[in-house]
Each structure stands twice: as structure tokens, then as C-alpha cells.
Amino acid sequence: MPQGSCLCGQIVYEFTGEPTLTALCHCHACQKWCGATSSSNLLVPRDQFKLLQGTPNTFEARGDSGKINKRSFCGNCGTNLFGELEIMPDFVGIKAGALDGGAADYGKVATEFYTESRLSFCKAIDGAKQEPKFGN
């Protein structure tokens, strides 16, 4: 089973099965959340996600869609771990960069969201569905 963890190792989680979706999100909230041009995400059904160790801190904020995103992170080292979107209550959006041992490499990104907010020096990924927004 793929596992993920924070940088200091206090928070550990796993999921079973294959991700429902692999996606980049270019919305302004994800850019700030990740301190990057986009967030890289694996969407998994909530019943296939399990927290194994530790208790993450959470921060709830409205995303560009106007919907609440409950963001979970390590209170010790600050690693962004996963999010729970109000608009998709049956799924957990795992931040791919927090997965261990190369587990984030699923070979392709299926969808790019908020392409209207993609920074000009970032180009569209060949073969990925391009969505100007999400959930609006």
C-alpha cells in the first residue's frame, strides 16, 4: 500500500487501490498552500485512506471555487499532507509530494484544474484534460 508522511515523520498515512484521479491544481489557494506554481494531487476515495500515526493540524479556507477546503498539515514541520474538499465529500486529495518512496509517480497527470490561473511560464501537460476552473 502506498504510504505518505511529513518531513519530520510524526504524521504517517496510507491508501489502498489506485487513485481515482491524478491532477495539478493551478488555483491561487493551491499556489499559496504549496508555495509553488501548482499543487500535485492524487484523489482517493475516503474509505481507502487511513491515518496511521499522528494527528495533523487543519486549516479551513475557501478556495477559488468558493467552497471550503479543509487542509491538513504537520504542526511540527509544516508539511502539506492532504485536503478534504466540501464539493467532494467522499474523497481525500493527497498532496503527491508527501508520498514516500516514489509513490507519487503514476506516470501521467490526468487533469489540470484552474488553467486560467496557470502561470505564464508553465505550459500545459500533453494529454492532460485542461479545465479552466473546478466546481464553479
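The values are calculated or read from the model by the stated rules, or taken from the named source; none is laboratory data. Keep in mind it's a predicted model, so treat the numbers as computed, not measured. As a convention, Cβ positions derive from the backbone with ideal geometry for all residues, glycine included, and neighbour counts pool all protein chains shown.
General remarks:
- Screening region 88-117 for residues that are assigned to a helix (DSSP H, G or I) and touching a helix residue (DSSP H, G or I) at 6+ places or on another chain (Cβ under 9 Å) and picking the one that is nearest to F49 (Cα to Cα) gives G97.
- L42 meets the conditions (1) of a type outside the set (S, T, N, Q); (2) without any contact (Cβ under 8 Å) to a residue 24 or more places away in the chain; (3) closer than 22 Å to Q10 by Cβ in every case but one. The failed one is (2).
- Whichever residue in region 1-17 is out of contact with any Leu (no Cβ under 9 Å at 6 or more places or on another chain) and modelled with pLDDT under 95 and, among such residues, is surrounded by the most Cβ atoms within 10 Å (Cβ to Cβ): G17
- Flag for I125 being surrounded by fewer than 16 Cβ atoms within 10 Å (Cβ to Cβ) and of a type in the set (V, I, T): yes
- For region 52-87, a residue qualifies if it is in a strand (DSSP E or B), at pLDDT below 95 and among the hydrophobic types (A, V, I, L, M, F, W, C), and the qualifying residues are A61, I68, L85.
- Residue-level analysis places S120 among those that are free of Cβ contacts under 8 Å to residues at least 60 places away in the same chain and either of a type outside the set (G, A, S) or not in a strand (DSSP E or B) (or both).
- Residue pairs meeting the criteria (Cβ under 6 Å; at least 6 apart or on separate chains; first farther than 16 Å from P56 by Cβ, in region 75-100; second part of a loop (DSSP other than H, G, I, E, B)): E86/K67; I87/K67; I87/G135; A96/A104
- Candidate set: region 79-120, residues that are under 17 Å from C30 (Cα atoms) and loosely packed, with under 12 Cβ neighbours inside 10 Å; chosen: the one nearest to the chain's Cα centre (by Cα): L119
- Just one of (1) farther than 21 Å from K129 by Cβ; (2) surrounded by 13 or more Cβ atoms within 10 Å (Cβ to Cβ) fails for L52. It is (2).
- N57 over 13 Å from the mean Cα position of the chain (by Cα) and within 11 Å of L81 (Cα to Cα): yes
Each row is one residue, and each column tells you yes or no for (1) within 27 Å of D126 (Cα to Cα); (2) surrounded by fewer than 18 Cβ atoms within 10 Å (Cβ to Cβ); (3) not polar (S, T, N, Q).
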residue	(1), (2), (3)
K32	yes, yes, yes
T37	yes, yes, no
N57	no, yes, no
F73	no, no, yes
